[in-house]
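Novice: There's a structure below that I have some questions on.
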Amino acid sequence: LYDSVNYNLNPEDLRATLSSMRRVVHKDALCIFDVTTETNSVLYFSHYESKERHRGISYTRRSEYLKDERLQINEFFIRHRDLNDVIHERHEQRIYPVDDVLSAVNTDEWRIRGVFDDYTLDPADGTSERIHIVLTAT
């Protein structure tokens, strides 16, 4: 679910997503997801641009972090060498404080098993660039 939860732009949608996830997870099963953090946005995606080409396809990615709104904006401009059109994608992600994500977890549906720093079993903290949250379905 890489960054998927961040696409919930308001807390109500975040709570609804977590409840929807519970409906498809068996009792006592684990659900693991991540959230990208403000640390990640500030370090890597504020005023960011990259370009790549591969097998006749090129793309440009432009990213901006709107700190006051806690919004990460990522835009992609994709072009195929045989086509005149440019495909434009705009992605908006809410960068939640981890406590806000944990507050959205309905404890009647889930038990929080752990909150870990990026691909480790170390506890997440204010320097974490990505946080993995492990829930157990109740």
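Novice: Of the residues Arg130, Arg111, which single one is touching a strand residue (DSSP E or B) at 6+ places or on another chain (Cβ under 7 Å), more than 18 Å from Asp3 (Cα to Cα) and of a type in the set (D, E, K, R)?
Specialist: Among Arg130, Arg111, only Arg111 is touching a strand residue (DSSP E or B) at 6+ places or on another chain (Cβ under 7 Å), more than 18 Å from Asp3 (Cα to Cα) and of a type in the set (D, E, K, R).
Novice: Could you grab me the full set of residues in segment 1-15 that are open to solvent by less than 40 Å² (accessible area, probe 1.4 Å), out of contact with any Leu (no Cβ under 7 Å at 6 or more places or on another chain) and polar (S, T, N, Q)?
Specialist: Asn6
Novice: While we're here: Sort through Leu30, Leu18 and tell me the only one that's touching a residue at least 24 places away in the same chain (Cβ under 8 Å), surrounded by fewer than 13 Cβ atoms within 10 Å (Cβ to Cβ) and on the phi < 0 side of the Ramachandran plot. Can you show your working first?
Specialist: On the way: Leu18 fails: surrounded by fewer than 13 Cβ atoms within 10 Å (Cβ to Cβ).
Selected residue: Leu30, the only one of Leu30, Leu18 that is touching a residue at least 24 places away in the same chain (Cβ under 8 Å), surrounded by fewer than 13 Cβ atoms within 10 Å (Cβ to Cβ) and on the phi < 0 side of the Ramachandran plot.
Novice: Just one of Tyr44, Tyr65 is touching a helix residue (DSSP H, G or I) at 6+ places or on another chain (Cβ under 8 Å) and of a type in the set (Phe, Trp, Tyr); which is it?
Specialist: Numbers: Tyr44 fails: touching a helix residue (DSSP H, G or I) at 6+ places or on another chain (Cβ under 8 Å).
Testing whether each residue is touching a helix residue (DSSP H, G or I) at 6+ places or on another chain (Cβ under 8 Å) and of a type in the set (Phe, Trp, Tyr) leaves just Tyr65.
The values are calculated or read from the model by the stated rules, or taken from the named source; none is laboratory data. Model, not experiment: these values are computed from the prediction. Ideal geometry is used to build each Cβ from the backbone, glycine not excepted, and the neighbour counts take in all protein chains shown. With ligands, DNA and RNA removed, areas are computed over all heavy atoms of the protein, side chains included. Shrake-Rupley method; radii C 1.70, N 1.55, O 1.52, S 1.80 Å.
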